[in-house]
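Notes follow the structure.
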Amino acid sequence: MTANASESLSSGCESYRSTASIHHLASAVLPASELPVQIPVVVMAPHAHFTSAMIEELFCDRYHLHPSGVALPGQRFATLETVDLIGPQGWLRKVQVIGPPRATNQIEISRTNALVLGLRVPVRESGDLIGTPGITVQGPRSQVALGTGVICALRHVHMNPEQAKRFGLKDRDRVEVATRGTNRRLFFQDVLVRVSPRVSLELHLDTDEANAAGVHTGDFVVLTRRIGEVTASN
Ligand SMILES: [Zn+2]
């Protein structure tokens, strides 16, 4: 990529002075025509995925979640429903429920949320819930004690198969991305790649990660390189 092409791709965004070095890092794995790959950020506030049975227990019989915006078939959607989480040392109020219902209850919070609740919560991929702590969930109808299912989500980037092919990536690869800006710029390593159809290209960070880097939903990061396989740990 020429310097001019790099500039034109960056135009309209806040200035990013390290494009040349990012290009150098990424050029080992990405076609030059794809550089720099810019990925929109979505900051994930604490949220809960529940089973249909859990939703009925917390809200009412045959209860259906109410999407807060457009809900496309088969895709996750934000809802108008919230619950409170009650931990050993504190509460987390108005935690958004995410639809549609899932096969397993899972609650995703940040490390700061975990401190407020008084829980030790591991960083895990979605669905990897063995050995994770539980929590008491307060809904409008009842209070339910979950034995397991609270995680800090491993940061990840969603992309569809066409995008993955273009970037030379596959499901479960790990990549590194760089945030932009001037004061708190960071590289995020060990970003899990999740490839599936009908998803937008999005980096999902929790609120702690986003705050540390000073990024918000709608900001962009730059894909810098593919890195080795790293396992999430406690
Ligand atoms: Zn995600």
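Quick note: the coordinates plus some simple rules give every number you see, no bench work behind them. These figures come from a predicted structure and were not determined experimentally. Virtual Cβ from ideal backbone geometry, glycine too; neighbours counted across all protein chains shown.
Given H placed on each backbone N at 1.01 Å, which residues far from Thr79 in sequence or on other chains put an amide H within less than 5 Å of it?
Result for Thr79 returns Ser68, Val97, Gly99.
Using the 2.2 N^0.38 Å rule of thumb for compact globular proteins, work out how the range 129-234 stacks up: its C-alpha Rg over that value, please.
On the way: Rg = 16.4 Å, N = 106, 2.2 N^0.38 = 12.9 Å.
Relative to the rule-of-thumb radius for its length, the range 129-234 sits at 1.27.
Can you tell me the length gained on complete extension of the stretch Ala45 to Glu125, counting 0.36 nm per residue apart and subtracting the Cα distance?
Working: separation 80, 0.36 × 80 = 28.80 nm, distance 1.62 nm.
Here the answer is 27.2 nm.
Working from the pairwise distances between different alpha carbons, so that the mean of 1/r is found and then inverted, what is the range 46-153's Kirkwood radius in Å?
Details: mean 1/r = 0.0724 Å⁻¹.
About 13.8 Å, per the Kirkwood formula over Cα pairs.
What relative contact order, as a whole-number percentage, does the range 119-234 give when Cα pairs under 8 Å and 6 or more residues apart are counted?
Averaging sequence separation for qualifying contacts and normalising by length gives 28 percent for the range 119-234.
Using packing as a proxy for protection, rank 66-79, 149-162 so that the peptide with the highest average count of other Cβ atoms within 10 Å comes first.
Working: 66-79: 12.3, 149-162: 20.3.
Highest to lowest by the protection proxy: 149-162, 66-79.
Amide H to amide H, which residues 5 or more places from Thr217 or on other chains are under 5 Å from it, using H placed in the peptide plane?
Long-range HN contacts for Thr217: Val43.
With each pseudo-label sitting 7 Å past Cα toward Cβ, what's the Asp84-His66 distance in nm, one decimal?
2.0
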